[in-house]
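Q: This structure is in structure tokens; I'll ask about it shortly.
Read-outs throughout are calculated quantities, based only on the coordinates presented, and are distinct from any laboratory measurement. Please read these numbers as outputs of a predicted model, since none were measured by experiment. As a convention, Cβ positions derive from the backbone with ideal geometry for all residues, glycine included, and neighbour counts pool all protein chains shown.
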Amino acid sequence: MKKDIEITKDINGVNEMLVLSGRELGVKQRKKLNIDSLDKDQNQYSVIIPENIVSINSSFFLGAFGKSVRHYKTKEKFLEKYEFKCNENTFITITDGINDALNNIDILG
């Protein structure tokens, strides 16, 4: 079964944002959305990124999903679990973040 994840859930001022950035915000969203538990269940997820978000900074992505990428060990397995619904430019940044996580390139710790 595929379920939706609203990646911007409960972020203050999200309607005025263009970019999701910052490791701290990514880690906060990971906890808020209980992604550690989602990694272990049998469901697949569509990660919904609102249209007003034009990009995701790699530090945000690594904070929110770096641990998940390493859990699944390959880009393909990670993307089977988490499908990202976003614009093409944002997906390019997500792909870069996946590659960074797999290569243990984790900027800012």
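Q: Would you kindly derive the ³J(HN,Hα) couplings of region 5-12 from the backbone phi angles with the Karplus curve 6.51 cos²θ - 1.76 cosθ + 1.60 (θ = phi - 60°), listing them in order in whole Hz, with x for Gly and Pro?
A: Values, residue by residue: 10, 8, 4, 9, 3, 6, 7, 5 Hz.
Q: A follow-up question, please. Mean separation of Cα pairs under 8 Å and 6+ residues apart, divided by the residue count of the chain: what relative contact order is that in percent?
A: Working: 158 pairs, mean separation 34.9, N = 109.
Normalised by residue count, the contact order of the chain is 32 percent.
Q: Give the aspartates and glutamates whose C-alpha is closer than 12 Å to that of K85, dropping any in the same chain fewer than 8 places away, or say none.
A: D4, E6, E51
Q: Tell me what the chain gives for mean residue ellipticity at 222 nm when only DSSP H runs of n ≥ 4 count, each as -39,500 (n - 2.57), the sum divided by the residue total, rounded to 500 deg cm²/dmol.
A: After summing the helix terms and dividing by residue count, I get -14500 deg cm²/dmol.
Q: Counting only residues 5 or more places away or on other chains, whose amide H sits under 5 Å from the amide H of E83 once H atoms are built in the peptide plane?
A: Y45, S46, V47
Q: Still on this structure: On a full-extension model of 0.36 nm per residue, what is the gain between E16 and E88, subtracting their alpha-carbon distance, rounded to one decimal in nm? Provide the component values of the computation, followed by the final result.
A: Values: separation 72, 0.36 × 72 = 25.92 nm, distance 2.02 nm.
Difference between extended and current length: 23.9 nm.
Q: If I require 20 Å or longer along the helix axis, counting alpha carbons, and a Kyte-Doolittle average no lower than 1.6, what helices from the chain are left? Use full DSSP H segments.
A: Working: long enough: 88-102 (21 Å, 0.13).
In the chain, no H run is both long and hydrophobic enough.
Q: What are the residues whose amide H is under 5 Å from the amide H of M17, where those residues sit 5 or more places off or on another chain and H is modelled from the backbone?
A: Residues meeting the amide H criterion: none.
Q: Still on this structure, I have one more. Which FRET efficiency value, to the nearest 0.05, is calculated for S46 and T74 with the Förster distance at 22 angstrom and r the Cβ-Cβ distance?
A: Working: r = 20 Å, r/R0 = 0.89.
Efficiency for this residue pair is about 0.65.
Q: What whole-number value in cubic angstrom gives the convex hull volume per residue for the C-alpha atoms of region 16-97? All intermediate terms of the calculation are to be shown ahead of the outcome.
A: On the way: hull volume 6.8 nm³, N = 82.
Taking only Cα atoms, region 16-97 has a hull volume of 83 Å³ per residue.
Q: For a protection proxy built on the mean count of beta-carbon atoms within 10 angstrom, sort 74-80, 30-36, 62-68 highest first, please. Each step should come with its number before you reach the end.
A: Numbers: 74-80: 13.1, 30-36: 14.9, 62-68: 22.6.
Per-residue Cβ counts within 10 Å, averaged per peptide and sorted highest first, yield 62-68, 30-36, 74-80.
Q: Taking amide H positions as placed in the peptide plane 1.01 Å from N, state which residues far from S55 in sequence (5 or more) or on other chains have amide H under 5 Å from it.
A: HN-HN under 5 Å from S55: L20.
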